[in-house]
Each structure stands twice: as C-alpha cells, then as structure tokens.
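Everything below concerns the one structure shown next.
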Amino acid sequence: MSRSRLRVEWRASVSLVGTVLRYLSVPLAFPLAVALVYQRDVLVFVATIVLVVGLGFALEGLDPDPDLGPREGFLMVALTWLAVALVGTIPYLVAGDGTVAQPVNALFESMSGFTTTGATVMGDISFDTHSRAIMMWRQLTQWLGGMGIVVLAVAILPELSVGGAQLMDAEAPGPGIEKLTPRIAETARVLWLAYVGITALEVVLLYGLNVAGMAPNMTFYNAVAHGLTTMPTGGFSPEADSIGAFSAAVQWVVVPFMVVAGTNFALVWRAVNGSPGRLARDTEFRAYLGVMGVVTALLAGLLFTNGATGLDVGAFVPGDVEEALRHATFQVVSLVTTTGYATSDFAGWSEASKYVLLFTMFVGGSGGSTGGAVKIIRWVVVVKAIRRELFTTVHPEAVSPVRLAGRVVDERAIRGIFAFTLLYFVLFFVGTVFVVVDAGRTGYSIDVLEAMSATASTLGNVGPGFGSLGPFGSYLEFSPVSKLFMVFLMWVGRLEVLPVLVLFTGAYWRS
Amino acid sequence: MIVVGAGEVGSSIAASLCQSHEVVVVDIDPDRVSELTYELDVLAIEGDGGDRSTLVEAGIADTDLVIASTDDDETNIVTCGTADTLGDAFVICRVKDTQYLDTWRSAEGAFGIDFMVCTVLLTAESIVRLIGLPAAQDVDTFAGGAVRMAQFEVPADSPVADQTVAEADRWDSLTFAAIVRDEEFVIPDGDTCIRADDEVIVIGSPDCVREFAADLSPSSAGPDDIVIVGGSEVGFQTARLLEERGFRPRLIERDPDRARQLAEDLPKTTVMESDATDRSFLEREHVGDADVVVTALDNDEKNLLASLLAKRLGAQRTVSLTETGAYVELFEEVGVDVAVNPRETVAEEITRFTREQRAENVAIIEDDRAEVLELTVAGDSSLAGRPIRESVPDLPAGTVIGAITRDGSLVTPRGETVIEVGDHVVLFVNTEDIDAVAAKV
C-alpha cells in the first residue's frame, strides 16, 4: 500500500505525542527533588529528564505544525499511553535495582503504573532495594495516569483545544464526557484542579493522623505516596503490606477517598459547587453505593462467620464485628473502584469470599471517574435495556426508550455499551485461556481462579489477583510473553477497548 | 367586537355573543360571509384578518375586543399582531399548537395578544377532567379550584335513583343545583324525586363531587387503566396531563417515528406502536379491560370505529374526540359515552372569557340554556347580610346558590347560611335571567 493512500496523518499524532513527552519532564522534577533530599538516584532522574526532553523534541520534529483530525486523535491517544509507559521504564532501567531492571518487568511496572492498575513485578518492595525517589516515581505514574495524561495535555496545550473533546472522550473512562464549561480546555482544567485538591486533602488527613499519634508509621513520605495512588484508583504502595501496614484509623480514612475516586468527577465538582442534592438524585451514584453496600454486607457476613486466620497480614478470628466490617468494606471498595489496595491478604480467604471479590472486579467505578473495569453507568444501562427486552417480549408493540435520570439514552449509545460489555468479556475469557496456556508452556503452575483473576485484574486496571498474585504477592513468576500480553490488556483496558481496537481495523487506515 | 374567522368556532362565538354585543365577523370566504349575514344578527365582512384595511373597515378603532379564531395558528397570530397595532382592543387568539402558548405564557403580551386559548390543551384538559370523574358528562371548576360543578347521568342501579333530594343529600358540601329531565330543567327542592336517566348538576367541593361520582355508579370505581388511542397532539397532551396527575396511561400510535417521539416525551406512559383497529392486538393487550378508552385519532370515522371496537371488547367507558361538531350527539347516540369537540370547547372558553367582565367564571350548560357562574357579592347586593332562605325569593325563579367561598375556603350553602360582602357565590342561572341575577348580586 503506497503512503499516499494512507488516510491517517500519523506524523501529526506522533508529533503531539512528542509534545506530551516533553512536558513529562515537569512531573519528573518531583522524584528528582525526592532524590536530592535523600541523596540517592539523583543522576537517574537527571538522565531521564534529558532523555525525555530529547525524545520529545525529536518526535515533534516529524511534523512542526500538527493538524489533528478525529482519526489522528485516536492514534494520538493510544500512542501517548504506549509512549509514556515506555518512557516510564527509563528510571527503573537506569537505576538498575531489583527485578524491574529487566526491560519486560520495567515495562509491566510502568504500564501498570500509568494505567492505575497497581499490579506489580517488584520482587522486593523495600527501601533497601529501591531508592525512595524510584518508589515515589512509581506512585507518581499512577497519579498522572489517573485523571488522564491526555486530559492534562488538553488542559495546558492550546493546540489541542479544538479536537480536545474527542481526545478526552477517547481517553476518559465511561461512555461520553460531560462538558462542565463551554471550553473543553477549561473543563480539563477544572477536572485536574478538583483532582489536585482532593489529593492534597487526603495527604493532609493522613499526615494529620500521624501527628495525632494514631498512625505512627504514616510518615510524611507515606502520606504523600498514598495520597498519590488513592485518587487515581491506582493501588501502588511503597509498603510491602499495602494499607495493611497501617492502623485501623488510616484504613477507615482511605475508604471514603476511594469512594470519591470512583465517583463521576463532574458530579463531584457540581456537588462541591453548590448542588449536593445532585449526588443523592444521581442514578449512577446510587447504583454505585448500592452495589458496594450489598456486596460489603455479604462479604462482612462471610468474614464474620469464617474469619481469616493463618494470614501474614490482616489475619483475624471469626466473630469480630469491627474487623469483619472493616476488611469487608475496605476490600470491596478497593476492588469495585479498581484501586487495588488491601488490608488483609484476601488471596488466603475462603473460596466463597474470593468468588465474591472476583465479581467485584467487573463492576468498576462510575463513568467519568478514575476507576476502571466495565463501570456502573454501563451496567445500569445494560440492566435497563435487558428489562426493556423482557417487557417487549410480552408487549411486542411497546415502544420504550431507555432512560437515565429522565433523559433518553440514544439507541446508538446503547448498542455501543452492549458491544463494549460483550467485548470486555470476550477479552477476559480469551485472556484467561492465553494465560493458562502460556503458563502450561513454561511450566508455571496456576489454577483457573488465579488465571481468571490475573486477566480480570489487568484488563480492569484493578491490580491484585489471587494465589501468588495476591495483594502482597506479585506477577513476577509469569513468562515474559504473558507479561507483555498483560501490558496489552492494561493498555486497552485503560482506554476502554474500542478506541485502541479501532486502530487494528483496515477501515481506520484507509478512506 | 370583531371576530375573525367564521368557521365553527367563530360562528359559535358570534352566535353566543351577538345578543349582548355588537359583533362584526370577518371571513375570507364570500359565501360564508353572505350566509352569516342572514343567519345571525351580525355584520359580516369579507376579507383577510391580517390585512390592515379589512380591520379598519371592521371598525378596529372603536372595538373593545378582537377574537382571532380561524383554523390557522399563524393567521390568527398575525391578525392579533395587526389588531394590536391598530387600536387598543383586548385581543384574544386561538391556537392549536402548544408551542405558541408556551411562548405567550413565558413572555407577557407576546405577539400583542392579551389572551390565548390553545385548542389542543383545552381539549386535553376537558378529557382529563371527564376521565377523573367516572360517569360525568361535563365538569368545570370555580373559585380557583375550591368549587367544582359536574353533570352526571343517573344510572338505573344507582343508590340515589328513586330517592328524593332530601334523602339523597348526604354529602357534606354538595348541592343539587338542577336536574335535567326530558330536556327540561327541574329546579329541585327537598321533595323532588331523582329518577334513573335523569341528569343531575351538582356543585360542591372537588372531594365531595368525586365521592358523589363514586357512589352514584358503584360499578365504576375511579379509573386506573386508561388507554389513549392515537398519538395526535390531543392524545399526547392528554397523556401528559394524566401523567401529571399520577396515572400511567397506555397510548397506541401507528406511526413508528411518532411513537418513538411520544415514548421519549412521556416517561410514565406505555407507548405501543400498532393500528388501533387491529382486533387481535387489542385483545392481546387487554384493551377491553380498560376503565377508560380515549380515542384521539386524526379522523372522526376512525375515532368512532376505535371507540365502538373498544366498547365491544368490554371497555368500561369511551371518550372520543370529534372534529365535526354535528357528530357529537350522533356519537353519543351510537354508544360512545362522551364525545368531545375541540371547537366547541374552545368556543366555550372564549365565550366564557368574554363574559368574565361580569362574572369571574362561567360554565355553559345544555347548549347555553343555563349557566353556572361565579360572582363576587358587592356591598349593595341584595344577598349580603341575609340568610339564604330570605334572599333567594328575590332572585329570579330557577336560580340556585350552589356554593359559597369565603377567603378561599368552601361554605356549604343551606337555608340558614348568611352571605357576607366579598363572598364568592357560584350560582346556577337560566341564561335569560343572567342580567337580572348579576344586577342583584
């Protein structure tokens, strides 16, 4: 195929990816500052910044005056995430510490960070192996990926103001974005401002617990590190025992922040700006709380009767109400919002509890939040559309549009949501088969529930799975092929499948 | 006053008002103009209402009232706008489309119109009132909703049949204003016996009227299952008003696009896309079990057919829209329970509004042979300060005080009730006595 017949101006997309990379040097200054404070790995970050800026300028040179159409937008978003994940490996590779010095592992860790998955391949999570600066970079990748790198780019880059809505649409979680202000750049700025504000609030509260003497190991470093991975529903922690390393007070404080992180940001913004009533009236928010409430009650019942004994972290005996309620609430909220924090090693819980948790991995946060997976809004529409199917089976002549909070949902949107949900499950099952087959090939022993949890967890950007992939385990044992496959799952999962898969169709590249 | 457009509405208004007003009728059709000149005591002029010279010829300069009542919304609005620039007459406009009504309501005096009546909405409102009261043939409200008047036919199995009024008078705040028997008015006293097939006109609080309606025909409790056939504007507005009142009606529309549109606009209505004359569909959907079937198709014959079909399948009550005024009686004759004519409804509303200079609210009974009207008691009224027993003989025979409202609440009129200055009285009056009554009150 000659180049003239290619209908996508890929140079424009790549050039804009370069611009984004160049700007990535600004957040890189933060781990550099940490490195300077602790006097370790300073050169690693200086080298990274130089490389990133150089690469950025080189890519920008491909097309000095990029003109972004709708097709180039898809390519730019997909490439940005791939490029950022690749560039994100530089600090791990240059530092050369531990298991992430190996390129495939570094890519897995970096993609897991930017996509806010939180699945790790670090063999040893401690400051003995890795510097505090590297660990802070790991936290920061999640924070940047949470609200969306492209959303951030739209907020600050004037050249993206025209096609910006479509770019954000391709990147933002959930079906369709809601413009909060007439200008898309302003909307992007508002979203980021709210994001920064809530993150800062959490850091203050967590450190406040330390000052109040209720959390001795919640140092300022830890408060910032966990603040950076709660709001993006990330799940990385510089502590090997995740939130389980902290007191019950810290665990309770983190829960509401995870809930907010899984709520539609437009809704949060409106609620803060004078109409809190909208929260209570919002169909999706009610469904979101309802699902979490019901599953928590179910799980708390299971934990109360069975307890969770013989665990290294978060073990407790049957019959303890507070422990059962706290661990059930924390784990359910963490997995529904796709954060991936843990307070108890749920990989060691009873089978019944584990299947309940596997179910929560498919729920996902609200549309327009930082959460992953299928998302509440889609489930609400799917349930309503199915109810309509049942109704029209009895009354074939009935015409009944699907409504969401009084507004009619477009039939095309419903079709899109069904397609997405089906595709999501197809990817999940195909992925599980792939993981099991590849594990068999390399002689890695994995049972079906573990393989299912690995696929569901990476595709939904959740993080932990079961077995050795548990919240305090790692994905290290998988073969490089499986790891690269999971990198792909995280990538398509974060961009909600369709915008990435469209790049693999012939129709996209031709007229 | 000037009436523009001498169709059914215009002629009917002209006929009702020509005795008390000097009426000039403008119509574009010369045949219609000459017809009217002989039919009614009015001056008929041929011309276009939107044309300045026509309005000047009709004497717009010293006219108090202009009524634009052609069948075309835009013509009416242009006529009103023109009339507004030429004089300072009060301008009444008839429209079909609710969007013009919305505009007019949102911006006072829009298009230079002082009062706008919307055919579609009025018709839907009157249908909904009829649905709300089983067995009622006519319903009107007074005193800001505190008083309701209704006309009922007494079925043979009714508990009040063959009772005297004194025996039947067991609803607290309800007054039997009149009985229509063999086309004649009977003004009831305590000894008057109510017979089956009589039509009774009652005035009272809305609750009491509803209770009375329920007791009158025990077989038909309040409607629950309402089916609207036809997604015309009237059908749509009827469904919308029913939704507002907490009903969940079913609506049958044949056109797929229109059905989809209706389904989107009516969240609580079950919209079905089908032909209402498809018998197997009607049976499958149990339309025969409906309490009320409203037919609002765009064609009288289809309405009749659909109504009769629904009735045959077992529907309790049918209300049918009739575009042709002459068909109303015919429809009711062959089995439709109530036929509603939009033109008649709108003509009544305009006539009523025109008379409001004297009375605040008017309901026209039995082809304008009697009226129920609301008046405020003035200081020099012969009613003021006296018990009703003493003051009634001063009023023309056949006048009944149906209800009194004082400071917005209802006072049930009985012989010993003393009427005060400032009270609103709702009276049943024979049309020829209106002026005499108005003068006394």
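Summary table below
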quantity	calculated
Antiparallel DSSP beta bridges within the protein assembly as shown, percent to nearest 5	60
Percentage of interatomic Cα-Cα distances in segment A:3-256 larger than 24 Å	49
Size of charge dipole - segment A:389-502 - debye, nearest 20, with Cβ of Lys, Arg +1 and Asp, Glu -1, no other charges	260
³J(HN,Hα), Karplus 6.51/-1.76/1.60, whole Hz, each residue of segment A:313-319, x for Gly, Pro	10, x, 7, 7, 8, x, x
Taking A:Leu86, A:Leu43, B:Leu251 and counting other C-beta atoms within 10 Å, the order from fewest to most	A:Leu43, A:Leu86, B:Leu251
³J(HN,Hα) computed for each position of segment B:334-348 - Karplus, 6.51 cos²θ - 1.76 cosθ + 1.60, integer Hz, glycine/proline x	7, x, 6, 5, 9, 10, 10, 10, x, 5, 5, 4, 6, 4, 4
For B:Asp337, residues with placed amide H under 5 Å, excluding near neighbours	B:Thr318
Shielding of B:262-269 by partner chains, average beta-carbon count, 10 Å	3
Whichever lysines have a C-alpha closer than 20 Å to that of B:Lys302, once near sequence neighbours (fewer than 8 apart) are set aside	B:Lys311
Calculated FRET efficiency for the pair A:Arg286/A:Thr392, C-beta based, R₀ 25 Å, to 0.05	0.45
Derived scalar couplings ³J(HN,Hα) [segment B:78-88; Karplus, 6.51 cos²θ - 1.76 cosθ + 1.60; whole Hz; x for Gly, Pro]	5, 4, 5, x, 5, 4, 5, 7, 8, x, 10
Kirkwood Rh, Cα atoms: Rg over Rh of chain B	0.98
Peptides ranked, highest mean first, by Cβ atoms within 10 Å: ranges A:116-128, B:118-130	B:118-130, A:116-128
Lys, Arg +1 and Asp, Glu -1 on Cβ, resulting dipole of segment A:3-256 about Cα centre, debye, nearest 20	300
Long-range HN-HN contacts of A:Arg403 with modeled amide H, under 5 Å	A:Val409
Pairs of Lys in chain A closer than 28 Å at Cα, counting only those 8 or more apart or on different chains	6
FRET efficiency estimate (nearest 0.05) - Cβ-Cβ, A:Val294 to A:Tyr355, R0 22 angstrom	0.90
Nonlocal amide H pairs with B:Gly402, under 5 Å, H built at 1.01 Å	B:Val426, B:Leu427, B:Phe428
Cβ-based exposure ranking for B:Met1, A:Met111, in which fewest neighbours within 10 Å come first	B:Met1, A:Met111
Cα centroid separation - segment A:131-149 against segment A:197-214, whole Å	19
Span-like helix ranges in chain A, DSSP H, alpha carbon extent 30 angstrom or more, Kyte mean at least -0.5	A:70-95, A:184-211, A:283-306, A:411-442
Rg over Rh, two decimals, the protein assembly as shown (C-alpha only, Kirkwood Rh)	1.14
Average beta-carbon neighbours from other chains, 10 Å sphere, peptide A:397-408	5
Shielding of B:278-288 by partner chains, average beta-carbon count, 10 Å	1
Likely footprinting exposure, A:Thr442, B:Thr295, fewest C-beta neighbours within 10 Å first	A:Thr442, B:Thr295
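Every number in this text was worked out from the coordinates using simple rules, so none of it is lab data. Quantities reported herein were computed from a predicted structural model and do not represent experimental measurements. Using ideal geometry, Cβ is built from the backbone for each residue, glycine included, and neighbour counts are taken over all protein chains shown.
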